[in-house]
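Right, one structure below, let's go through it.
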Amino acid sequence: RPQFGPTRFGQSITNVFTVTNSGNEALLIMAATNDGAGAAYFDVSAIPARVEAGTASNFPVVFTAGAIGTFNPTCYTVNNSPYPNYYFGLHGSVFQLSTSAGPYAGGNTITITNGNFGAITNVLVGGVAAEIQASGENWVRITVPAAGSAGIKDILVQTSDNGAITLAGAYTVN
């Protein structure tokens, strides 16, 4: 499953997919539809209608983070190949912060919500350990540590269930 995320709520991310036609005649794609949880958040409308024999065609899939959680729909295509029921899985993860900026000295409290954290063991903001105030399966409340420098910081949520989850550029130190 191609990854889209973690993505901040309300933002979009685009990944490029490739359709390869290794057959002897043109591949005609008549339709592409998504089904499953979060299907509406994935736009596959730019899939090519025709891919000539022996060629490949790239197309974008856009994931719009319209709800907090984890989404795993499947894209089904209708085409003229001997395998007309071609499908591929998609995976998107959306997070939200109660606030995304804070002082250089740290000390403010933020809540991070996501659909797939699991058991949280540690949180780093810009590489510095934060104090965990409370947590649940899909959220954590931390006290932000003092920063070594101002600017945009990644938040790394470490879990025993799902490994390390990086929220790239999620927090800004003023």
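The values are calculated or read from the model by the stated rules, or taken from the named source; none is laboratory data. Note that the coordinates shown come from a computational prediction; the quantities given were computed from them, not determined experimentally. Cβ sites come from the backbone with ideal geometry, for glycine too, and all protein chains shown count toward neighbours. Surface areas here come from the heavy atoms of the whole protein model, side chains and all, with no ligands, DNA or RNA. Shrake-Rupley method; radii C 1.70, N 1.55, O 1.52, S 1.80 Å.
Give me the percent of the accessible area of the range 109-174 that comes from carbon and sulfur atoms, probe 1.4 Å, all protein chains in place.
Details: 1330 of 2880 Å².
Carbon and sulfur together cover 46 percent of it.
Let's test the formula: R0 of 30 Å, r as the Cβ-Cβ distance of residue 143 and residue 12. What FRET efficiency results, to the nearest 0.05?
0.45
Could you sort 152, 165, 13 by their accessible area in this structure, using a 1.4 Å probe and putting the largest first?
152, 13, 165
In the Gaussian network model of the chain, springs joining C-alpha atoms below 10 Å, which of 21, 85, 116 carries the largest mean-square fluctuation?
Comparing 21, 85, 116 in the GNM, the peak value goes to 85.
Any idea of residue 121's accessible area? Nearest 10 Å², probe 1.4 Å.
The accessible area comes out at roughly 90 Å².
Roughly how far apart, in whole Å, are the Cα centres of the range 27-42 and the range 79-99?
One Cα centre to the other: 8 Å.
What distance in nm separates the two pseudo spin-label positions at residue 100 and residue 62, each 7 Å out from Cα along the beta-carbon direction?
So the two model labels end up 1.8 nm from each other.
How many percent of the accessible area of the range 1-45 is carbon or sulfur, using a 1.4 Å probe?
48 percent
Between residue 50 and residue 133, 0.36 nm times their residue separation minus their Cα-Cα distance comes to what?
Using 0.36 nm per residue and subtracting the Cα-Cα distance, I get 24.5 nm.
Which label belongs to the value computed from this structure, given these candidates for Kirkwood radius over Cα pairs in Å: (1) 18.4; (2) 17.3; (3) 17.9?
(3)
Return the sequence-ordered ³J(HN,Hα) values of the range 126-133 in whole Hz as given by the Karplus equation 6.51 cos²θ - 1.76 cosθ + 1.60 applied to θ = phi - 60°, using x for Gly and Pro.
x, x, 10, 5, 9, 8, 7, 8
Provide the per residue accessible area, probe 1.4 Å, for the chain, rounded to a whole number of square angstrom.
50 Å²
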